[in-house]
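The values are calculated or read from the model by the stated rules, or taken from the named source; none is laboratory data. Predicted model only: the values in this text are computed from it and were never measured. For neighbour counting, all protein chains shown are included, and Cβ atoms are generated from backbone atoms with ideal geometry for every residue, glycine included. Note: areas computed on protein heavy atoms with side chains; ligands, DNA, RNA excluded. Shrake-Rupley method; radii C 1.70, N 1.55, O 1.52, S 1.80 Å.
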Amino acid sequence: MPKFRITTLNKQYDRSSFSCGNDALDNYLTRQASQDIKRKTAAVFVLTEHDKAEVKAYYTLSATTLLLHDLPESLQKKLPKYPSLPATLIGRLAVDKTLQGEGIGKRLLIDALYRAWDHSREIASMAVIVDAIDGDAILFYKHYHFLSLQGHSHKLFLPMKEIEQLVMP
């Protein structure tokens, strides 16, 4: 099995042949990602084989806010009564068709969660949020204990306290 690395997207990486089976995710990587990086609206992380420049998977991270009333009441009771709270958004996560089913999505998710947790120690973020693109994505995130936000069928979250338990031995 090839060895992979996850790094930030830059011009050295070849995105032209990336295909995950979802046009919106494919087009984002090839047409929009560089603009989002320049505008500081998303950080884009790519997975490649160590000795190659071809992008095989990617995800994005951004700062966002989470409305207090969207959280389950049991969690609302434990938090300050601010109308919105800081969070980290995994905006996109996609794996090329050639690697689907090989655990790459899990590897990307763990990397994203670790980065979000690590940065939350210096820039406040109480959870990671995802806006799942479809039912399969919802099942993927729920497998990793993401919870649904109230009133949002495709938005899920994982509290930073739970992430800390995952990433800290």
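Tabulated data
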item	result
Proximal aspartates and glutamates relative to Lys11, as straight alpha-carbon distance under 14 Å, when same-chain residues fewer than 8 apart are discounted	Asp36, Glu54
Cα-based Rg of the range 86-169 normalised by 2.2 N^0.38 Å, two decimals	1.07
Order by protection proxy (mean Cβ within 10 Å, highest first), peptides 61-68, 37-44, 83-90	83-90, 61-68, 37-44
Dipole of the chain [Lys/Arg +1, Asp/Glu -1 at C-beta], most positive-end residue of Leu156, Leu61, His145	Leu61
Pair-distance profile P(r), taking every C-alpha pair of the range 1-159, with 5 angstrom steps and integer %	2, 9, 18, 21, 20, 15, 9, 4, 2, 1
Alpha-carbon centroids, the range 44-103 and the range 131-155: separation in whole Å	11
Å² of accessible area per residue within the range 2-140, as computed with a 1.4 Å probe and no ligands counted	55
Cα-Cα over 21 Å, subset of Lys78/Lys106; Lys106/Lys161; Lys56/Lys106; Lys38/Lys155; Lys40/Lys106	Lys78/Lys106; Lys38/Lys155; Lys40/Lys106
Cα gyration tensor of the range 10-102 - equivalent ellipsoid semi-axes, whole Å, descending	33, 15, 11
Set of aspartates and glutamates near Lys81 by C-alpha distance (under 17 Å), chain-local residues within fewer than 8 positions excluded	Asp70, Glu73
Of the GluC sites (Glu not before Pro) in the range 41-123, those whose Cβ has at most 16 other Cβ within 10 Å and which sit in DSSP loop	Glu102, Glu122
Value in Å of the Kirkwood radius, where the range 78-129 supplies the Cα pairs that are averaged	12.7
The range 82-169: trypsin sites (Lys or Arg not before Pro) in DSSP loop, at most 11 other beta carbons within 10 Å	Arg121
